[in-house]
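The values are calculated or read from the model by the stated rules, or taken from the named source; none is laboratory data. The structure presented is a predicted model; accordingly, all values stated were derived computationally and were not measured. Ideal geometry is used to build each Cβ from the backbone, glycine not excepted, and the neighbour counts take in all protein chains shown. Accessible surface areas use protein heavy atoms only, side chains included; no ligands, DNA or RNA. Shrake-Rupley method; radii C 1.70, N 1.55, O 1.52, S 1.80 Å.
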Protein chains: 8
Amino acid sequence: MSLVSIIMGSDSDHHIMKEASEVLKEFNIPHEIRIVSAHRTPAYMFDFAQNAEQRGIKVIIAGAGGSAHLPGMVASLTSLPVIGVPIKSPSSIIGIDSLLSIVQMPPGVPVATMAINGAKNAGLFACSILATYSNNLSIKIKEFKKQMEQRIMSANENLNRIEFENYQRNMDKEKNK
Amino acid sequence: MSLVSIIMGSDSDHHIMKEASEVLKEFNIPHEIRIVSAHRTPAYMFDFAQNAEQRGIKVIIAGAGGSAHLPGMVASLTSLPVIGVPIKSPSSIIGIDSLLSIVQMPPGVPVATMAINGAKNAGLFACSILATYSNNLSIKIKEFKKQMEQRIMSANENLNRIEFENYQRNMDKEKNK
Amino acid sequence: MSLVSIIMGSDSDHHIMKEASEVLKEFNIPHEIRIVSAHRTPAYMFDFAQNAEQRGIKVIIAGAGGSAHLPGMVASLTSLPVIGVPIKSPSSIIGIDSLLSIVQMPPGVPVATMAINGAKNAGLFACSILATYSNNLSIKIKEFKKQMEQRIMSANENLNRIEFENYQRNMDKEKNK
Amino acid sequence: MSLVSIIMGSDSDHHIMKEASEVLKEFNIPHEIRIVSAHRTPAYMFDFAQNAEQRGIKVIIAGAGGSAHLPGMVASLTSLPVIGVPIKSPSSIIGIDSLLSIVQMPPGVPVATMAINGAKNAGLFACSILATYSNNLSIKIKEFKKQMEQRIMSANENLNRIEFENYQRNMDKEKNK
Amino acid sequence: MSLVSIIMGSDSDHHIMKEASEVLKEFNIPHEIRIVSAHRTPAYMFDFAQNAEQRGIKVIIAGAGGSAHLPGMVASLTSLPVIGVPIKSPSSIIGIDSLLSIVQMPPGVPVATMAINGAKNAGLFACSILATYSNNLSIKIKEFKKQMEQRIMSANENLNRIEFENYQRNMDKEKNK
Amino acid sequence: MSLVSIIMGSDSDHHIMKEASEVLKEFNIPHEIRIVSAHRTPAYMFDFAQNAEQRGIKVIIAGAGGSAHLPGMVASLTSLPVIGVPIKSPSSIIGIDSLLSIVQMPPGVPVATMAINGAKNAGLFACSILATYSNNLSIKIKEFKKQMEQRIMSANENLNRIEFENYQRNMDKEKNK
Amino acid sequence: MSLVSIIMGSDSDHHIMKEASEVLKEFNIPHEIRIVSAHRTPAYMFDFAQNAEQRGIKVIIAGAGGSAHLPGMVASLTSLPVIGVPIKSPSSIIGIDSLLSIVQMPPGVPVATMAINGAKNAGLFACSILATYSNNLSIKIKEFKKQMEQRIMSANENLNRIEFENYQRNMDKEKNK
Amino acid sequence: MSLVSIIMGSDSDHHIMKEASEVLKEFNIPHEIRIVSAHRTPAYMFDFAQNAEQRGIKVIIAGAGGSAHLPGMVASLTSLPVIGVPIKSPSSIIGIDSLLSIVQMPPGVPVATMAINGAKNAGLFACSILATYSNNLSIKIKEFKKQMEQRIMSANENLNRIEFENYQRNMDKEKNK
């Protein structure tokens, strides 16, 4: 049974939204992925949003581009937490229209908005919601953060080695002038 | 029986949206006015949008602020023409969020977007839609346009009289220096 | 005799505006397509706008880029409904200049503004205007909407099959580690 | 023991952020409220963020204006879910700087961003997170949503009565002309 | 006979546009001032623009707000230089819509755009155009610039005196602590 | 002797600014072209701006990108009319920074701002300034405008032929189905 | 002898720029304050910028609004570090024009840009530059930072006391219901 | 021992930030380069910022993209001058988010912000800070500025030669027509 449902307005959003799915797989969280269009399948969206909780879904991740109404409309139809991902589609205005359309929700109907194309963070945030009552998951998030830290520390060391070598080479050249 | 339905997301939008109503009254077009919130009354919005045509409504005017989903969602649920009015509410980002949220609709679900706070024009555009098959209404619109023209021409004459007087006074002063 | 007139400021806008034409063909609505530049052929624009109604035109669709004055100027010269399409031309500021120039019309002269490059929706909106008094056309729009819905539902099924297969493959790999 | 911690960059943000507190009180969720400045009390912020989970905090709500670093920095130091509220302070650029600074987080460190000044929704979203494993709370959210719906439906009825009366009065005047 | 014609889209623009008139009076340049609306008096605008040159007008200054088409449309109908002034009217988006609508003209039809509300500079620029062949006027512009310089130099001296006094007073206070 | 001086902040702006030069050649107006950087050659800029009038220059066209100070600084140092061209260089923010930096001049120092990359219009506007006292040049501008009009009218005819053929072909196909 | 020179484009900027002066007084750094307009006193600006270093000035703080050229032009004429303060004057576009005009300097001529109206930070940054070789000043900055920290910590305690009292009062009320 | 420390949020920023390093090499200023992520290595950032001064660092240059918190957070933890470089990374909104996040710092914690991708200027500004008490370095900066000037003057001469030749060729062609 899926705990997280990832939905998107169009299959052209899939190359972005699959990053949410990949994170959830990494954290072993059962999830589903669906195309649900607020504007082209409004009835299906209604059914989906109103039945998600009963099906055992705990968190909904909704990605949409342009005049992105999907996350907000789903949020209006469920009491589950909804995470919104603005998508920079070719027809959007560098993603700003989608961002504003998702984030500027009226009082009473929150959508947890991520960065433009921030599907990976949507997956992570779903994990952190589920981790509020799962010690196991909370530990996994801490490990994930530690790994990120270590990748930066290694990159730092690599960069310094390269920089130092360049510097050396440069100084050698200067001497030989 | 109403031909035009004016809806808005909140009663705080009424001071703007009533301008649409005033225009329709001026053109003697029977209409109704309702508060329908995409986010707070989604089920009512669904019913409203799906039944509007059957009730004899020909055009829907929808005003909304902030993350303005009402016009687009109604457009997705009806085949009637929907006119959208972005409203500069205190919580909106100078109305830009509402404008983009209303106008940037995906292919397949158009919303005829007016200027920010452009409720008067929404009313006029509804008239011009109804006028496509009403010679009577078409003539009224032409008269309305003529009156606008005459108001500008009169303002122009007034301004010139004032300017000329100022100019005269100024020249008199210069001479007396 | 054409019911809809599609005009644009330059032939370089044709690759966008032809989408309006394609929709109208799909709905069997007789229409014409013309290049009318507000800035380079102002006299022709005047004649066009003032004679459109007499020629039997019911709706005008006007596309323009940059400092896009065509839709608003035509709207000032006719009582027909005018639909404006902002075009993201190379010289425009990501289409925002055209959008604002078209949508921010003063009270009295509405232009029904579509999304940036939203020519397809302009065609559809023209249909929905003509459908206000044509049951036939209204049914066709409902069929069009149903087809859109079905395309999304099929895409959804495809996606789920693919996702499920990926998921299976992934789980198999994990087991074999 | 507090389940939610509301923090803000300055006491001048309190008139906005207290709305989060009010919602949490309405839902009977024990919470604390603190001033923690990323830029003026960085050491205190570090301690706060690193110890929040141990103190039993389940969700952090962080509000900040201008170059709003608080939500993102706290998110980098904890595995708890962090909700960010951009605040339109006098020195901010109509809140856009704060919104972008909070929402555009890099992959790996999500912040659940609310609308500009959206502290009430931050409180509600915290509730919906806690409700993922509390049936009780989930029912309260549904009741809250029902009340919102009812308020709109009543407003709608009031508006219609007023509109109808105005309309009547107007028609009476027209007749008496 | 007027050499410069100042036109504006509405009499509500007069409080801004009169600054152009004041400058022209200061430089003793005969000019006229008119309300010409691109959208409400298109026929009058056409006549005005096409006859301006014959009437002896050398430069046209056109101010407009919102979706500001007046300067560009007049420029398309005359070979005279047209100076455009974007006006921050209440319905405009902080003047940005007017600025972009005026400045983003297509190749072939230039409008010399001034700052938002920059009517004074429009007047000055008209003078500098007329000065290209008038030594007299050119000298007056140089005098005008010298006066501006002197006003700043005096303000500078005043400020320094005040600052010095404040500083003295401050140092005295410090000593007496 | 040059009547117009075209200056630009960097030789990388030349591919844009040469369009101004091409227009001036077309109108047989003697002109010069120079690289003058406000930030890298401030002394040369000072000399240039202060001596231009004495050298017989009547109009200055200045193009600049990024933080574009050249047009405004030259305008502060001469009483000649200065035309500014914002250039969308790789380091500029889609040209918006240059546009605002050039157009938002304070009262007293106007710069006639063209569209982003609008060098061609800068050349044309220089012609229209020079034409205020040259009947010959004024006639040439009218011819230029007529040619533009004719190019659009021809494009219109071509488009209609193509559209008509497509339409015919389409209808033939429909019949043969 | 002054170590820091605070300059501004107009005396109307003084109410903002004096905050830089107040910080410098607090740190006992001798400084001067002057009105220097890039556009109205270009020659004075040239002299000022080219002689500042010889007069013993170590850092220049330049504030300007609208099309803010002063900081960049001064930076082009001196090798001293220049700190720029964008000022939100009534004629600027919410300060964005000034910010972009100051910050987007080309390679080779840096301006250290502060927040819109950030004159206080300009003063502090000047101190931190002077502190690079003054242990005394460096200690004072650390003390300043400590005081800021303590002010926040006190505010935090106050807020908690108030919140706690409100909370108590609220709970008492609930009990007594 | 390094006098300047160049830090960046990710190794993908290195291709931009290395320009700061190249300038410092050109001016023979010993410096280091490190990857320090505010969000992924917050503890390392803390240690770095708090120990930089003790290690003899005089100036910190910090580059970051997206929701760019690094420069501001480092500035909050040190009394050294911090120079911020907004980086236009693929996930940023054309660099505007990074620019606003870096520049809009609250009173008390300044960051000297450079242009988007302005790493070269960051290096130069670090030099100008160090030059406040180094006559040697001050002379080098003046030489650097002179070289820039000479490059523009040469480019100017080249351009004029080319332009003149083109002009000649053009006139020859005209004659031979």
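A few remarks follow.
- Isotropically averaged projected area of the stretch E:44-177, using the convex hull of Cα atoms (one quarter of hull area), nm²: 12.8
- Net charge of neighbours whose Cβ lies under 11 Å from the Cβ of D:Asp97, counting Lys and Arg as +1 and Asp and Glu as -1: 0
- Cβ-derived FRET efficiency at R0 51 Å, D:Gln147 paired with B:Ile139, nearest 0.05: 0.55
- Annotation: amide H-H contacts under 5 Å for G:Ile61 (H modelled 1.01 Å from N, sequence separation of 5 or more, or interchain): G:Ser5, G:Ile6, G:Ile7, G:Ile83.
- The solvent-accessible area of D:Arg151, taken with every protein chain present and a 1.4 Å probe, is close to 140 Å².
- For the set D:His14, E:His69, the ranking by accessible area, highest first and with no ligand, DNA or RNA atoms included, is D:His14, E:His69 under a 1.4 Å probe.
- Averaged over the residues of peptide E:120-133, the number of Cβ atoms from other protein chains lying within 10 Å of each residue's Cβ is 6.
- Rounded to the nearest whole Hz, the Karplus-based 3J(HN,Hα) values (6.51 cos²θ - 1.76 cosθ + 1.60, θ = phi - 60°) of the stretch F:149-161 follow the sequence 4, 5, 4, 5, 4, 5, 4, 4, 4, 4, 4, 5, 4, with x at glycine and proline.
- Using only side-chain charges placed at the Cβ, +1 for Lys and Arg and -1 for Asp and Glu, the dipole size of the stretch B:135-177 relative to its Cα centre rounds to 100 debye.
- The alpha-carbon of E:Lys120 sits under 12 angstrom from the alpha-carbons of these aspartates and glutamates, leaving out residues fewer than 8 places away in its chain: E:Glu19, E:Glu22, E:Glu26.
- Debye, to nearest 20: dipole size of chain G, +1 on Lys, Arg Cβ, -1 on Asp, Glu Cβ: 340
- Most mobile of H:Ala38, H:Ala119, H:Ala64 in a GNM of chain H (Cα contacts under 10 Å): H:Ala38
- Of B:Lys142/C:Lys145; E:Lys88/F:Lys140; D:Lys58/G:Lys88; C:Lys58/E:Lys88; C:Lys18/C:Lys145, those spanning more than 32 Å from alpha-carbon to alpha-carbon: B:Lys142/C:Lys145; E:Lys88/F:Lys140; D:Lys58/G:Lys88; C:Lys58/E:Lys88
- Quarter the surface of the alpha carbon convex hull of the stretch A:135-177 and you get the mean projected area, 2.4 square nanometres.
- Peptide-level mean, for F:9-21, of C-beta atoms on other protein chains within 10 Å: 2
- Accessible area per residue (1.4 Å probe, heavy atoms of protein chains only) ranks C:Ile29, F:Ile96 as F:Ile96, C:Ile29, with the largest value leading.
- P(r), alpha carbons of the protein assembly as shown - 20 Å bins starting at zero, rounded %: 10, 36, 38, 16, 1, 0
- Distance to the B-onto-E rotation axis is smallest for one chain B Cβ; residue and value in angstrom are B:Ile94, 4.
- Candidates H:Ile60, H:Ala119, H:Asn158 compared by Cα position along the dipole of chain H: farthest toward the positive end lies H:Asn158, with charges placed on Cβ.
- In a simple Cβ point-charge model (Lys, Arg +1; Asp, Glu -1; nothing else charged), the protein assembly as shown has a dipole of about 0 debye relative to its Cα centre.
- Once you reduce the stretch F:138-177 and the stretch G:128-176 to the center of their Cα atoms, the two points are 71 Å from each other.
- Averaging the sequence gap over all C-alpha pairs within less than 8 Å and six or more residues apart, then dividing by the number of residues, gives chain A a relative contact order of 20 percent.
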